[in-house]
Amino acid sequence: MSETYETERREVLRAVERIVAAGLVAGSSGNVSRRIATPDAELLVVTASGVPYHRFTLDDVLVVDFDIDPVVGEGVPSSESLLHLAVYRARPDVSAVVHTHSVYASAFAAAARPVLPVLDEQVVLLGGAVEVAEYGPSASEELAAHCVTALGERAAVLLRSHGVVGVGRDLDEALAAVELTERVAQVQVLSAVLGGAQELPADVVRTEQAVYRMLHGFAPQ
Ligand SMILES: [Zn+2]
């Protein structure tokens, strides 16, 4: 029997269940992937396009190669597969990508405003501000390219007028990135009632970014 990558597909299914339980997605919005390096090729384990989450099963987690040709499963891979692949190609350190349309992060994306560094954990775990990628139509090469540019070496990025993308060395890290982005975005909105969140001083951000780089295995600057 040929390889079905069931373990990796179950991991992606569990990640889908977590973003649904956390209220970060609705309908069939958002998507999840992880990469697998095999001796022959790199593969993408990715959610199928357009399947409502209340009907989502293991059969809706597909495996494709990096040309998006099918390896396991018969569904249509996520329409944002190009974006996921662009991140994997640009970031060898990244092995998982989670994309959601969570409400507070989407509010920043709609306003085209970055989630500024206002909490210590944000810089240590996400690498700094969550920047806004230039606009690109959904599923386009253009959006994928803008996403990679705005992401840089950080762990999360906003897609203008669209949503948020979190990345990590595994699915837990990528999930943590979208969850934390959502929480910091919510905190910034609530802080506005209290006079506005105060951005961390630049020297604090630099120190915390050094910690982020160390924790994530980047070479010191
Ligand atoms: Zn989306």
TODO: Evaluate the following for ALA21: is it within 18 Å of GLU173 (Cα to Cα) and either of a type in the set (Phe, Trp, Tyr) or surrounded by fewer than 16 Cβ atoms within 10 Å (Cβ to Cβ) (or both)?
DONE: yes
Task: Filter result (of a type in the set (A, V, I, L, M), part of a strand (DSSP E or B) and within 15 Å of the ligand (Cβ to nearest atom)) within region 58-105 - done: VAL97, VAL98
Open item on the list: Going by what's in this entry, would ASP120 be described as in contact with a Ser or Thr (Cβ under 9 Å, 6 or more places away or on another chain), at negative phi and surrounded by fewer than 22 Cβ atoms within 10 Å (Cβ to Cβ)?
Closed with: no
TODO: Can you confirm whether region 57-64 contains a residue that is under 18 Å from the mean Cα position of the chain (by Cα), touching a residue at least 24 places away in the same chain (Cβ under 8 Å) and closer than 30 Å to VAL187 by Cβ?
DONE: no
Open item on the list: Here's a check for you: in region 135-152, which residue that is farther than 15 Å from ALA112 by Cα and buried (at least 16 other Cβ atoms within 10 Å of the Cβ) is nearest to the ligand (Cβ to nearest atom)?
Closed with: ALA144
Task: Residue in region 37-47 that is surrounded by fewer than 16 Cβ atoms within 10 Å (Cβ to Cβ) and among the aliphatic types (A, V, I, L, M) present - done: yes
Open item on the list: Give all pairs with beta carbons closer than 9 Å in which a residue from region 107-130 that is assigned to a helix (DSSP H, G or I) meets a residue that is among the polar types (S, T, N, Q) and crowded, with 17+ Cβ neighbours inside 10 Å; count only pairs at least 6 apart in sequence or on separate chains.
Closed with: PHE108/THR181; PHE108/GLN188; GLN122/THR181; VAL123/GLN209; VAL124/GLN209; LEU126/THR181
TODO: Would you mention how many residues in region 136-183 are part of a helix (DSSP H, G or I) and among the β-branched types (Val, Ile, Thr)?
DONE: 4
Task: In region 39-56, the residues that are touching a residue at least 12 places away in the same chain (Cβ under 8 Å) and not in a strand (DSSP E or B) - done: ALA41, SER49, GLY50, VAL51, PRO52, TYR53, PHE56
Open item on the list: So ALA150 passes all but one of these: (1) free of Cβ contacts under 8 Å to residues at least 40 places away in the same chain; (2) of a type in the set (A, V, I, L, M); (3) touching a Lys or Arg at 6+ places or on another chain (Cβ under 8 Å). Which condition number does it fail?
Closed with: (3)
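Since every read-out is calculated from the coordinates, none of them should be taken as a lab result. What you see is a predicted model; the values in this text were computed from it and never measured. Neighbour counts are summed over all protein chains in view; Cβ atoms, including those assigned to glycine, are modelled from backbone coordinates with ideal geometry.
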